[in-house]
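Dumping the structure here so I can ask a few things about it.
The values are calculated or read from the model by the stated rules, or taken from the named source; none is laboratory data. What you are looking at is a predicted structure, and each value in this text was computed from that prediction instead of being measured. Note that we place each Cβ from the backbone using ideal geometry, even for glycine, and neighbour counts take in every protein chain shown. Accessible surface areas use protein heavy atoms only, side chains included; no ligands, DNA or RNA. Shrake-Rupley method; radii C 1.70, N 1.55, O 1.52, S 1.80 Å.
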Amino acid sequence: IAGERVHPARILAELRDRWELVWEARGGGWTVPEEVRPAVEEALAEYAPAGLPRLSTRQAEEEYLEVLRREEELRAYLEALLRERLDDVLRFGERFSPSALVEYLVDLFGPVIFFDELLTLTQQYSLSDTPVVTEEGHRALSTGFNLALFGEPGTGKTFATKDFILGNEKLGVLPHGIPGINRYCGGMTPAMFIAIGEAYVGRRFNFIITEFNDWFKYRGMVEPLKLAMEGGVISYETKAYKVGPYKFDSFFSVNYNTKVYERGYEVTVNDPNFNAIEDRMLCRLHRLTKEKYRELAESQKRLMLGITTRKMAEKAPLIRDHVTLVYAIQTQHPLARRFKPKRVLLREGDVELIEKARELIFEHLPPSGVLPFSMRLERRALQLAAALSLTSYFQRGEEVIEMDREAVKLAARFYVEEAWVRAQESFPLQEVLLKLQSL
């Protein structure tokens, strides 16, 4: 279970001699004494309540040990949180909100590049896939979304996607993401991902891929990845082996390089169907402007001088505890069942702000018969607002969390900026954003 290199005979001998949990049976073999069998079954049920899965490939079997190790990492962290830090986290949660998170990130990174870290941390809240419901109780959507930061190299994409979430000791960056559930895929091929994905069935993890371009050097990858991003059923077959079918329930946080021009950008992935992948993610373009360059340089200096690390030390552990506890409650982790899961409330006024943003865009778009973005963009904006609203989780005791107004405004800003990118920057962004701010 632990995935460690151990000698089975030694384990059995220790269980027999030291703990008396197993006996050697007459005629060979081993047995569990009847008086301890219920306790043993209860302990094993915590690790594999539905039994061990039957997996198609050796890669999936090996990955399953990694899954169990990661789940144990989350369990141990959560256990310590509930035992030692719960009161501190709840007090912090009473004051925490989208505005407080923005203030923290702007202080760390500046008013331009903070938005990238805001998106990656909001995605951590989204991973609980919390239901978003109307006042009548209708389930409108859920918070879980896939995230992509794309653009020119050297614009901070990997820092936001990987270092800020997992931490980077060499840079002095503290981890902000949920422990255990973020699976970094450095050096992994897409075929390997498809093979090991079977080990994650019924589980909600996040796959961090910092060189997403490389996955599309292999033919035929768009369709299985598209299915994975939709939570669909994946089946894949080669001459050597067959994988699945299995249902993928996890999410992606990726970045990839593109050619960025004075207006618009060009994807460097050769597959003409790659836009189907982009359409299933919440995307943000990175362009290296003078303003952004100055903030990146200032951020790098503050990291080297230890200023950022000292600032992070004050709040990063609390934020990490907060997002972990929210995730545990919302996914009904066995250790967090004393808390009742909540839902996010979607009101008509929340949708109307996104609709007003859409009309402002339409007003400034040049006359054309074809829109350069799909309806999914509005859905992504609402998912972003709902996930960001989970930062207010412990402010009130109600079972339903109202969509935070600041969260909806930030989501509307994202919607306008992403539509601007998709429209090849063909409308005056700042003019639209100023009008949006006044609504």
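In what sequence, largest accessible area first, do D163, D17 appear using a 1.4 Å probe?
On the way: D163 15, D17 100 Å².
My answer, sorted largest first, is D17, D163.
Which order do E117, E73 take when ranked by solvent-accessible area (1.4 Å probe, heavy atoms of all protein chains), largest first? Before the final figure, lay out each step's value.
Working: E117 10, E73 75 Å².
From most exposed to least exposed: E73, E117.
Once Lys and Arg get +1 and Asp and Glu get -1 on their Cβ, which of M192, N270, F159 lies farthest toward the positive end of the dipole of the chain?
About the Cα centre, the residue reaching furthest to the positive side is N270.
Per residue, how much accessible surface does region 275-338 expose to a 1.4 Å probe? Answer in Å², no decimals.
Working: 3230 Å² over 64 residues.
For region 275-338, the solvent-accessible area averages 51 Å² per residue.
Could I ask something else about it? On average over all directions, what projected area in square nanometres does region 126-214 have, based on the convex hull of its Cα atoms? Spell out each step's value before the answer.
Details: hull surface 32.2 nm².
Average of the hull's projected areas for region 126-214 equals 8.0 nm².
May I pose another question? Note down the accessible area of E425, probe 1.4 Å, to the nearest 10 Å².
Probe radius 1.4 Å; accessible area of E425 about 10 Å².
Shifting gears a bit: Filter the cross-link list K162/K292; K157/K301; K409/K435; K315/K409; K162/K342 down to pairs whose alpha-carbon distance in this structure exceeds 21 Å. Walk me through the numbers on the way to the answer.
Values: K162/K292 19 Å; K157/K301 18 Å; K409/K435 12 Å; K315/K409 24 Å; K162/K342 28 Å.
With Cα atoms farther than 21 Å apart: K315/K409; K162/K342.
Give me the accessible area of K311, 1.4 Å probe, in Å² rounded to the nearest 10.
60 Å²
How large is the helix-only mean residue ellipticity at 222 nm for the chain, computed as the sum of -39500 (n - 2.57) over DSSP H runs with n ≥ 4, divided by its residue count, in deg cm²/dmol to the nearest 500? Intermediate values should be presented prior to the final figure.
On the way: 15 runs with 196 residues, N = 439.
Helices in the chain give a 222 nm mean residue ellipticity of -14000 deg cm²/dmol.
If you don't mind, another one. Accessible area of L127, 1.4 Å probe, to the nearest 10 Å²?
Solvent-accessible area, nearest 10 Å²: 0 Å².
Separate question: Considering only DSSP beta bridges where both residues belong to the chain, give the percentage that are antiparallel (nearest 5).
On the way: 13 of 35 bridges.
In the chain, DSSP labels about 35 percent of beta bridges as antiparallel.
Give, in nm to one decimal, the length gained when the segment between E66 and K356 is fully stretched (0.36 nm per residue of separation minus the Cα-Cα distance). Could you put the intermediate results ahead of the total?
Details: separation 290, 0.36 × 290 = 104.40 nm, distance 4.63 nm.
Result: 99.8 nm gained on full extension.
Could you put H364, H286 in order of accessible surface area, largest first, with the 1.4 Å probe and the full protein assembly present? Spell out each step's value before the answer.
Values: H364 35, H286 0 Å².
Correct descending sequence by accessible area is H364, H286.
Of the heavy-atom accessible surface of the chain (probe 1.4 angstrom), what whole percent is carbon and sulfur?
Values: 11070 of 21950 Å².
Answer for the chain is 50 percent, counting heavy atoms of protein chains only.
Could I ask something else about it? Over region 364-439, give the accessible area per residue in Å² for a 1.4 Å probe, as an integer.
Using a 1.4 Å probe on heavy atoms only, each residue of region 364-439 averages 46 Å².
Next up: Restricting to Cα pairs below 8 Å that are 6+ residues apart, what does the relative contact order work out to for region 229-273? Please round to a whole percent.
Details: 38 pairs, mean separation 11.4, N = 45.
It comes to 25 percent, rounded to a whole number.
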